[in-house]
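Each remark here refers to the structure printed beneath this line.
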Amino acid sequence: MDAPHPAVSPGDAPDTRGATPSAPLDATRTRRPGPVLRVPRGATPTRRVVLAGSGAGAALALLAACGGGPAGTQDDGTTGGGGSGGDGPDVGPGQALASVDDVPVGGALAVTVDGAPLLVTQPEEGTFAAFSAICTHQGCTVAPGDGELLCPCHASRYDLATGAVLGGPAPSPLPEVPVTVDGGEVTSA
Ligand code: FES
């Protein structure tokens, strides 16, 4: 009955289990995650990478969009935000823009006429003017400022009476809308 002993000895399974407790097995297991992680890196980006990339792209897209000012103002800026300043708002003659009493002396009133944002100004009492409110820099909507017209995006400043650039990056004056005063109303001419 000695046969079982030699027969058992070639069976390395029990001996291997005994000789190599669990360290080699654990080492093998710990090595597996390494190559598994490397393969996706080389072959195709993992989902996390794709998401991070898309996030960065979206951020860049947003930054690019920010350069053009608020999205709502770019559609009206038919000049494409390039700051040409040569194209005035499409406001036909005879349009009531504002009541005289609503336009502060030495200030301006922001109005929208046929979808076009305008600034009706009264630089001196009884003297009125109107301008496109689309900044000639990158198309943001210019607002009434303190004795001037002010773009909130990059602080371009415009003159109340002429729309001329007083400061900031705006390359050209605000396009003017000719006006007349009739019956207490500032009207496009
Ligand atoms: Fe830049 Fe107006 S959009 S200053």
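The values are calculated or read from the model by the stated rules, or taken from the named source; none is laboratory data. Just so it is clear, the structure is predicted and the values come from calculations on it, not from any experiment. FYI the Cβ positions are ideal-geometry reconstructions off the backbone, even for glycines, and counts take in every protein chain you see.
Structure values in brief
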| item | result |
| --- | --- |
| Of all residues in the stretch 141-166 being touching a residue at least 40 places away in the same chain (Cβ under 8 Å) and near the ligand (Cβ under 10 Å from one of its atoms), the one that is farthest from V113 (Cα to Cα) | C153 |
| Condition met for T121 (within 13 Å of the ligand (Cβ to nearest atom), of a type in the set (V, I, T) and crowded, with 18+ Cβ neighbours inside 10 Å) | no |
| Test set (1) under 13 Å from A98 (Cα atoms); (2) within 13 Å of the ligand (Cβ to nearest atom) - D182 fails condition number | (2) |
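For every residue, the table says whether it meets (1) at pLDDT below 95; (2) within 23 Å of the chain's Cα centre (by Cα).
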| site | (1), (2) |
| --- | --- |
| G86 | yes, no |
| V91 | yes, no |
| V105 | no, no |
| A129 | no, no |
| I134 | no, yes |
| A143 | no, yes |
| D159 | no, no |
| G167 | no, no |
